[in-house]
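What follows is a single structure, written as structure tokens, with notes after it.
Please treat every number below as a calculation from the coordinates, not as lab data. Since the structure is predicted, the reported quantities are computational estimates derived from the model, not experimental observations. Note: ideal-geometry Cβ built from the backbone for every residue, glycine included; neighbour counts use all protein chains shown.
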Amino acid sequence: MKKILYTASLVLLIIAISTPAFAINKGVQILLKGKIFDEFTGKSMEINIEFKTESGKKFKIKSNSLDGSYEQIFNSGENVEIIFTNWNITRKINKLSIKDTTKYCEQHQNFYVKKYVQGNSVFSFNLFEPNSANLSADAPAKIDSLKDMLLFSRNIKIELRTNGHDTYKQTRTVQTPTKATKKKSKKPETTQEPIVIVKDPDMNALKDLVDRRTATLQNYIKDWSKYLERITVAGDYTAAADPNFSRLKAEIQLDYNYLVIITDLKNPLD
């Protein structure tokens with residue numbers, strides 16, 4: 001009997017030693033804090049934040065209107081789902097693991113959301129294969145995500161704008177005027193400015209590509225009856241600017257062939 005009791009005690013001791021620390025630390029409190037920023041401008045934002053823990057608890061707070069800061073207490077080791085909403089942002093969901101520790105501490109985490117601004121782009125992708133009106137492999141999922149945006153943001157209207165910037169670009173060349181050799185003269189020489197020559201691509205071919213891409217998008221969303229009154233599809237027939245002249249060398253050239261533009265934005269509280 002003593003041998004059985006000894007064996008049972010030994011087993012319990014081994015289980016206790018091998019139990020993961022997070023099971024012990026669940027009662028330890030962690031302060032999650034940070035700020036909310038607009039992804040496009042980097043400015044702080046006041047928005048609604050909802051936290052859902054794996055134990056079923058829910059907390060709803062607002063970030064500070066002055067600096068976008070927020071704070072919320074959680075138990076150590078919890079997994080949290082965070083939902084960001086407001087009338088002027090795209091709804092966003094993040095998942096976060098709270099630190100697993102044996103004593104109180106602070107966990108810092110900033111978040112970025114997409115703010116709606118009328119006339120501005122909120123999404124930009126390469127939906128089409130190069131020089132083609134065929135959708136890329138991941139295009140359907142990207143287009144379908146707009147349904148959620150329109151579902152949760154009923155105060156907006158959008159334009160799906162296609163272009164040919166990934167295929168057709170302007171080119172610019174700089175010509176420096178040559179000086180003719182002359183005999184020495186006492187008259188001061190006049191300097192001539194370099195000449196920039198701009199050459200557009202085949203604009204007929206560009207228009208044809210944009211028209212075909214626009215038709216592809218219109219056909220894809222034709223059955224979205226619930227949202228069609230808030231969606232327009234349009235083409236941008238301009239050629240992409242020469243990257244050597246239109247951007248700083250340090251910037252990355254990204255000529256997306258599809259943009260989502262906010263065409264109308266209303267504050268539901270007005």
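Once amide H atoms are built 1.01 Å from N in the peptide plane, which residues 5 or more positions from residue 112, or in another chain, come under 5 Å H to H?
Residues meeting the amide H criterion: 37.
Please list, ordered by chain and number, the residues whose modelled amide H lies under 5 Å from the amide H of residue 78; skip anything fewer than 5 residues away on the same chain.
Residues meeting the criterion, in which the H sits 1.01 Å from N, are 98.
What FRET efficiency comes out for the pair residue 109/residue 141, r = Cβ-Cβ distance, R0 = 22 Å, nearest 0.05?
Calculated value: 0.25.
For the stretch 211-219, just list the computed ³J(HN,Hα) in residue order, Karplus coefficients 6.51, -1.76 and 1.60, θ = phi - 60°, integers in Hz, with x standing in for Gly and Pro.
4, 5, 5, 4, 5, 4, 5, 4, 5
If you plug each phi of the stretch 259-267 into the Karplus form 6.51 cos²θ - 1.76 cosθ + 1.60 with θ = phi - 60°, what whole-Hz ³J(HN,Hα) values come out, in order, with x for Gly and Pro?
10, 10, 9, 7, 9, 8, 9, 10, 7
When the Karplus curve 6.51 cos²θ - 1.76 cosθ + 1.60 is applied with θ = phi - 60°, which whole-Hz ³J(HN,Hα) does each residue of the stretch 144-156 get, with x for Gly and Pro?
4, 5, 5, 4, 5, 4, 6, 5, 8, 10, 7, 9, 10
Using amide H atoms built in the peptide plane, which far-off residues or other-chain residues are under 5 Å from residue 168 H to H?
Distant-sequence amide H within range of residue 168: 240.
Filter the trypsin sites (Lys or Arg not before Pro) in the stretch 137-176 to those in DSSP coil with at most 15 other Cβ atoms within 10 Å of their Cβ, and list the result. Intermediate values should be presented prior to the final figure.
On the way: sites: 142, 147, 154, 157, 161, 169, 172; in loops: 154.
Qualifying residues, ordered by number: 154.
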